[in-house]
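Note sheet for the following structure.
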Amino acid sequence: MNSHALDYTALTIAIIGAINWGLIGFFRFDLVAFLFGDMSWLSRIIYAIVGICGLYLITLFGRLDTSR
């Protein structure tokens, strides 16, 4: 998998995570917990993947090309 595909995948997952946080903040509705159970092993894996994607996207700042 090239870095662009990984970037887009991580960005998509982080956006989905951000939408979930928006739902929690505005409506007190946790979509992940609703779909997979409150802190079940599956929901914890999803939260971990979203967190890892967020950490990975920090590297995007160093790779942005400002000459375009």
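Of the residues Y8, Y56, Y47, the single one that is part of a helix (DSSP H, G or I) and open to solvent by 100 Å² or more (accessible area, probe 1.4 Å) is Y8. Scanning the stretch 18-30 for residues that are more than 19 Å from I52 (Cα to Cα), in a helix (DSSP H, G or I), open to solvent by 60 Å² or more (accessible area, probe 1.4 Å) and hydrophobic (A, V, I, L, M, F, W, C) gives F26, F27. For the stretch 31-44, the set of residues classified as open to solvent by 100 Å² or more (accessible area, probe 1.4 Å) and at positive phi consists of M39 only. Does A33 satisfy the criteria of being part of a helix (DSSP H, G or I) and out of contact with any helix residue (DSSP H, G or I) (no Cβ under 8 Å at 6 or more places or on another chain)? Considered against the rule, which asks whether it is part of a helix (DSSP H, G or I) and out of contact with any helix residue (DSSP H, G or I) (no Cβ under 8 Å at 6 or more places or on another chain), A33 comes out as no.
The values are calculated or read from the model by the stated rules, or taken from the named source; none is laboratory data. Owing to the predicted nature of the structure, the values given are computational and were not obtained by experimental measurement. As a convention, Cβ positions derive from the backbone with ideal geometry for all residues, glycine included, and neighbour counts pool all protein chains shown. Side chains included, ligands, DNA and RNA excluded: accessible areas come from the protein's heavy atoms. Shrake-Rupley method; radii C 1.70, N 1.55, O 1.52, S 1.80 Å.
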